[in-house]
Ligand code: SF4
């Protein structure tokens, strides 16, 4: 017995109107545009409808962002005409937020929007169990922002005296990391002039049993001795602190339950530079 083809997928383009660092499709980063013509898409769809013993009945257009294809509406209309009974798109939804475009797509025969939600706001909540801030740990990530206001890159949900950790870039370009324990005692490192608000920088914060260290682009920029008790944060969050959201890009965020040494920090920086 032949295989039954239920859902087929056609990439309409590798272009996108977003630039997500996590893009599974490497959209906009390939260095060339892949975008089959209307006729080429029709040929692909005809092969799917000719499939035997059972022709494909469900088709999903994806990308990149499929709504950016110049013939998107005609392709959807043609798919309906060719007998596909369920026509989907994997989309970021931006074009569909235009009421007239959404209406035209529905009239052309579009049935289903395949959307992905990674949260209901711009923060990433790592919870409280990701690492014990009272013991050795390391946090490593890349960030970029051209917004020269203070940006909180990592932090707890609670305010200044709450236990937890905060990592931020100040409006002066200083990079800073601080820990606050359950008694309200804290330790901070500030590296002045460490960031010029252009491009990516690599930041690593390392806590050993006795010290807190701050590295920028593989170079130790500050260290201080620690004498803190237990640290019980309400949560640990990327790109936010106390309800304020960062306007920045953050990439390759790593958390370790040990203190990385200088060689390991340099390797992480060189991996991103390569
Ligand atoms: S919206 Fe989707 S296709 Fe576009 S860049 Fe983001 S992940 Fe990639």
Could you go through segment 261-270 and let me know if any residue there is within 24 Å of residue 184 (Cα to Cα) and either touching a strand residue (DSSP E or B) at 6+ places or on another chain (Cβ under 8 Å) or at pLDDT 90 or above (or both). no
On the basis of being surrounded by fewer than 15 Cβ atoms within 10 Å (Cβ to Cβ), out of contact with any helix residue (DSSP H, G or I) (no Cβ under 7 Å at 6 or more places or on another chain) and not in a loop (DSSP other than H, G, I, E, B), does residue 148 make the cut? no
How many residues are in contact with a strand residue (DSSP E or B) (Cβ under 9 Å, 6 or more places away or on another chain), within 16 Å of the ligand (Cβ to nearest atom) and touching a residue at least 40 places away in the same chain (Cβ under 8 Å) if we restrict to segment 1-60? 6
If I ask for residues that are in contact with a helix residue (DSSP H, G or I) (Cβ under 7 Å, 6 or more places away or on another chain) and free of Cβ contacts under 8 Å to residues at least 40 places away in the same chain, which ones from segment 61-77 would you list? 67, 71, 73, 74, 76, 77
Are there any strands (runs of 3 or more DSSP E) wholly within segment 181-224 with 2 or more residues that are assigned by TED's automatic domain parsing to the domain that holds residue 149 and over 28 Å from the mean Cα position of the chain (by Cα), and if so which? 186-191
Mind listing whichever residues of segment 76-97 are in a loop (DSSP other than H, G, I, E, B) and within 16 Å of the ligand (Cβ to nearest atom)? 91, 92, 93, 94
It is to be established whether one or more residues within segment 234-246 are touching a strand residue (DSSP E or B) at 6+ places or on another chain (Cβ under 6 Å), surrounded by 16 or more Cβ atoms within 10 Å (Cβ to Cβ) and farther than 22 Å from residue 164 by Cα. no
Can you confirm whether segment 96-116 contains a residue that is surrounded by 15 or more Cβ atoms within 10 Å (Cβ to Cβ) and under 22 Å from residue 233 (Cβ atoms)? no
Please go through segment 99-142 and pick out each residue that is within 16 Å of the ligand (Cβ to nearest atom) and at pLDDT 90 or above. 113, 114
Selection count, segment 61-75, where residues are within 16 Å of the ligand (Cβ to nearest atom) and in a helix (DSSP H, G or I): 4
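The values are calculated or read from the model by the stated rules, or taken from the named source; none is laboratory data. Worth saying up front: this structure is predicted, and the values here are computed from it rather than measured. Ideal geometry is used to build each Cβ from the backbone, glycine not excepted, and the neighbour counts take in all protein chains shown.
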